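Structure first, commentary second.
The values are calculated or read from the model by the stated rules, or taken from the named source; none is laboratory data. Note that this is a predicted model, so its numbers are computed, not measured. Here the Cβ positions follow ideal geometry from the backbone for every residue, glycine too, while neighbour counts run over all protein chains shown. The accessibility values were calculated without ligands, DNA or RNA, using every heavy atom of the protein model including side chains. Shrake-Rupley method; radii C 1.70, N 1.55, O 1.52, S 1.80 Å.
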Amino acid sequence: MTQPLKWQKSSFSGGGNGNECVELAHGNSTLLLRESDDPSRILPLTRGSLAALLGRIHADRT
């Protein structure tokens, strides 16, 4: 039997009603990323692609 995914909200998520956040879960062999305002849309990522995404976001913010 498959365990339900445990989504973790980003510590940088905004306050309010909770619909302005990015969530991450660990699937069988991949990481999963979604936005809380559209939880059915899930992006599968490798560790490397997640690191590249976060690096790009950080670079764009500075």
- Under 9 Å by Cβ, and 6 or more places apart or on different chains, what pairs join a residue from the stretch 30-47 that is small (G, A, S) with one that is surrounded by 11 or more Cβ atoms within 10 Å (Cβ to Cβ) and not in a strand (DSSP E or B)? S36/W7; S36/S13; S36/G18; S36/N19; S36/E20; S36/C21
- Among residues of the stretch 1-18 being more than 16 Å from I57 (Cα to Cα), assigned to a loop (DSSP other than H, G, I, E, B) and open to solvent by 90 Å² or more (accessible area, probe 1.4 Å), the residue modelled with the lowest pLDDT is M1
